[in-house]
């Protein structure tokens, strides 16, 4: 009963949250703002489900804290990354392609669609915060460690890339140092890994196995839809990137291949 109520409440929260961000995007004429709203939406779901359904049990504190840390860092990073810049190239292309229908299509195909994904991915958070589990178990330790690995990859990858871009001598060049030496998309690897960690934390709960849809969905989206494919296509004519591509794994970190 509590789980059903929290799921419905989460859906409502996400709907309102994404609609507000959509309205702001119309005012600013910049749909890139949805990327800031992505992390914040999960924070709202986590905090509200924790307040209403939580009992300060270790598992609930852990998962709410992890989501808060991830979502806040991501939102702040994207805010400063986009500050003073034009609309992200992905949304700009859709704006041009959709023409006069952009406003209505953006609401459903960008904001509401991301809201739907947000709801599905956040299910493990709601499940944990609706269950009374007092003890701290092995699954919590393993899941947290997996999450930490993912967080390090995403945060470090974002930081190293931002520092690389600050150097004017690197304009037009490809980042191939730090964690980017081992994977072409350390931030995407990190995000996917974090959600698998959260799934592990939720797994031992009743019906916890069904929350596997969360990490599967984010993995599919980043590997096959909106993450890696879009960026790989963007650099398909970049010779430096194509050389980088031959030597470095797309997703799973591994030592770079030697030049033949």
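Computed from the coordinates by the stated procedures, all read-outs in this text should not be read as laboratory data. What you see is a predicted model, and the numbers here were worked out from it, not measured in a lab. For neighbour counting, all protein chains shown are included, and Cβ atoms are generated from backbone atoms with ideal geometry for every residue, glycine included.
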### Query
Any idea what the relative contact order of the stretch 137-260 is, in percent, if you count C-alpha pairs under 8 Å spaced at least 6 apart?
32 percent
### Task
Please tell me the relative contact order of the stretch 1-132 in percent, rounded to the nearest whole number, where contacts are Cα pairs under 8 Å and at least six residues apart.
43 percent
### Query
Any idea what angle helix 2-28 forms with the longest principal axis of the chain, computed on alpha-carbon atoms, 0 to 90 degrees, nearest 10?
30 degrees
### Task
When a/c is below 1.5 the answer is rounded, else prolate if a/b is larger than b/c, else oblate, so apply that to the stretch 137-260 with a ≥ b ≥ c taken from the square roots of the Cα gyration tensor eigenvalues.
prolate
### Message
Among 173-185, 116-128, how do they line up by average Cβ neighbours within 10 Å per residue, starting with the highest?
### Response
116-128, 173-185
### Query
Can you give the calculated 222 nm mean residue ellipticity of the chain, where each DSSP H run of n ≥ 4 adds -39,500 (n - 2.57) and the sum is split over every residue, rounded to the nearest 500 deg cm²/dmol?
-21500 deg cm²/dmol
### Message
How tilted is helix 186-202 with respect to the longest principal axis of the chain? Cα atoms for both, answer in degrees (0 to 90, nearest 10).
### Response
10 degrees
### For the stretch 1-132, convex hull of alpha carbons as volume per residue, Å³
91 Å³
### Query
In percent, what relative contact order does the chain have, based on Cα pairs under 8 Å that are 6 or more apart in sequence?
20 percent
#### Entry: Largest-first principal axis extents, alpha carbons of the stretch 62-136, Å
54, 26, 12
#### Entry: Helix 34-53 vs. the chain, principal-axis angle (Cα, 0 to 90°, nearest 10)
10 degrees
### Query
If one computes the Cα centroid of the stretch 1-37 and of the stretch 188-249, what distance in Å separates the two points?
22 Å
